[in-house]
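The values are calculated or read from the model by the stated rules, or taken from the named source; none is laboratory data. Source: prediction; values computed, not measured. Please note: Cβ atoms are built from the backbone with ideal geometry, for glycine as well, and neighbour counts cover all protein chains shown. Just so you know, the surface numbers come from the protein's heavy atoms only, side chains and all, with ligands and any DNA or RNA stripped out. Shrake-Rupley method; radii C 1.70, N 1.55, O 1.52, S 1.80 Å.
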Amino acid sequence: AKSQGTGQAQLFRATMHRQAMERLQLEEELRRAVEGDELRLWYQPVVELESGRLTGFEALVRWLHPERGLVMPGGFIPLAEETGLIIPLGAWVLRRACRDLAAWQRDGYGGFSLSVNLSRAQVAQPGLVQTVRTILDESGCDPGRLVLEITESAIMANALQARETLEQLRALGPRLSMDDFGTGYSSLSYLHQFPIDVLKIDRSFVQRLEQGEEGEQMVATIITLGHSLGMKVVAEGVETPGQLAVLARLGCEYVQGFLYSQAVPRDQAGELLRAGVMS
Ligand code: C2E
Ligand code: CA
Ligand code: CA
Ligand code: CA
């Protein structure tokens, strides 16, 4: 029994070692990806519900790994956050997004907005406001067309500091959007204290829309709350015509989801802009 225990302990250590090595390798590769040319921004359409008009995009990062292929953010954003790599990665995302926005605006597509996700670590970083200011200046995009998405939990993690940061960011021109709304806590009582322009209803609520009265009540409450505070409301993760119909009835202004489109590469996003309407 004793030797078996030792064997298990060795196996455990070996597994731990292997996992640590894999992590270390992934971290090295991610560092290289951020410095090099392996990240891409893809764009998911945001649609005005009533008209079907394309009114914006959300920028979503992808990693074009030389061996692993296309890696989704769930496969590297958490590691980037743990290692601090999210700071240079986040700056890359913002720079790329503002450049693409400026290019589209030069091509005559001025009337849409571009949303960029900020992670909790970015919001907590003292240099964020200066970074955003510099990138806006360098890119030459219209800052009024940029939307910064911040999750409810990132705001609530450090509410006092976050409020000041958000106010400074907003003074630079971008609008602010509260992402994944409904998944954090104390949201209702805090919401009015932050300079938020847009509420994004999390996909988990949208999924419950066709599963009975209660799910619909919840979404109705969020929409009413947003409107009463003068915010626009976006529903995320809309996948079915049934969900869309309920959202229309509840007065939700904007929708985003696979029903219309997944995130697509920049060139394809440009084609969608030319078409102007989503079907
Ligand atoms: P998020 O900000 O909530 O973004 C929405 C996610 O839902 C995206 O996944 C999008 O592809 C997916 N989605 C959109 N519509 C639907 C739908 O109808 N059904 C389903 N099942 N999914 C839908 P993605 O691109 O994998 O991104 C996941 C998360 O990674 C994002 O969630 C965001 O938190 C984070 N992320 C992505 N890009 C960035 C970035 O540039 N910076 C930071 N800090 N985080 C990012
Ligand atoms: Ca988002
Ligand atoms: Ca979201
Ligand atoms: Ca989400």
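Quick one: if you stick a label point 7 Å off each Cα along the C-beta vector at Gln262 and Thr83, how many nm between them?
Result: 2.6 nm between the two label points.
For the stretch 206-279 and the stretch 68-131, write down the distance between their C-alpha centroids in whole Å.
Value for the Cα centre distance between the two parts: 23 Å.
Most fluctuating residue of Ala220, Ala102, Ala245 in a GNM of the chain with Cα springs under 10 Å: which is it?
Ala245
From the C-alpha coordinates alone, can you work out the Kirkwood hydrodynamic radius of the stretch 136-272, in Å?
16.0
May I ask for the net charge around Tyr260, where only other residues with Cβ less than 13 Å from the Cβ of Tyr260 are counted and Lys, Arg are +1 while Asp, Glu are -1?
-3
Hey, any idea what the orientation-averaged projected area of the convex hull of the stretch 16-107's Cα atoms comes to, in nm²?
Value for the stretch 16-107: 7.7 nm².
Between the helical axis of 213-228 and the dominant principal axis of the chain, each derived from Cα atoms, what acute angle in degrees is found, rounded to the nearest 10?
Taking Cα atoms only, the helix is inclined about 70 degrees.
Counting pairs of Cα atoms in the stretch 192-245, how many percent are more than 16 Å apart?
40
Could you tell me how many degrees, from 0 to 90 and to the nearest 10, lie between the Cα long axis of helix 86-106 and the main elongation axis, the longest principal axis, of the Cα atoms of the chain?
30
For the chain, which whole percent of the accessible surface, found with a 1.4 angstrom probe, sits on carbon and sulfur atoms?
That share works out to 51 percent.
What are the chymotrypsin sites (Phe, Trp or Tyr not before Pro) within the stretch 216-279 that DSSP puts in a loop, where the Cβ has at most 13 other Cβ atoms within 10 Å?
For chymotrypsin sites (Phe, Trp or Tyr not before Pro) across the stretch 216-279 that sit outside H, G, I, E and B with at most 13 neighbouring Cβ atoms in 10 Å, the list reads Phe258.
Compute the length gained on full extension between Thr134 and Arg99: take 0.36 nm times their separation in residues and subtract their Cα-Cα distance, giving the result in nm to one decimal.
Using 0.36 nm per residue and subtracting the Cα-Cα distance, I get 11.4 nm.
Assuming R0 = 51 Å, what is the FRET efficiency of Thr240 and Asp142, from their Cβ-Cβ distance, to the nearest 0.05?
Efficiency at R0 = 51 Å is approximately 0.90.
Among Leu259, Ser189, Thr15, whose Cα lies farthest out toward the positive end of the dipole of the chain, if unit charges sit on the beta carbon of Lys, Arg (+1) and Asp, Glu (-1)?
Going by the Cα projections, it comes out as Thr15.
Among 263-272, 234-243, how do they line up by average Cβ neighbours within 10 Å per residue, starting with the highest?
234-243, 263-272
Using 7 Å Cα-to-Cβ label points, what is the Met218/Arg170 separation (nm, one decimal)?
Taking the two extended label points, one gets 2.7 nm.
Once you treat every alpha carbon in the chain as an equal point and sum by Debye, what is log10 I(q)/I(0) at q = 0.07, 0.11, 0.13 Å⁻¹?
Results for the chain at q = 0.07, 0.11, 0.13 Å⁻¹ read -0.29, -0.68, -0.91.
Please give the contour-minus-distance gain from Glu22 to Thr183: 0.36 nm per residue of separation, less the Cα-Cα distance, rounded to one decimal in nm.
Computed gain between Glu22 and Thr183 is 54.8 nm.
If I stretch the segment between Ala248 and Arg32 completely, what's the gain in nm (0.36 nm per residue apart, minus their alpha carbon distance), one decimal?
Between Ala248 and Arg32, full extension yields an extra 73.3 nm.
Local charge sum around Gly182 (other residues, Cβ-Cβ under 12 Å, Lys/Arg +1, Asp/Glu -1)?
Surrounding charge for Gly182 is -2.
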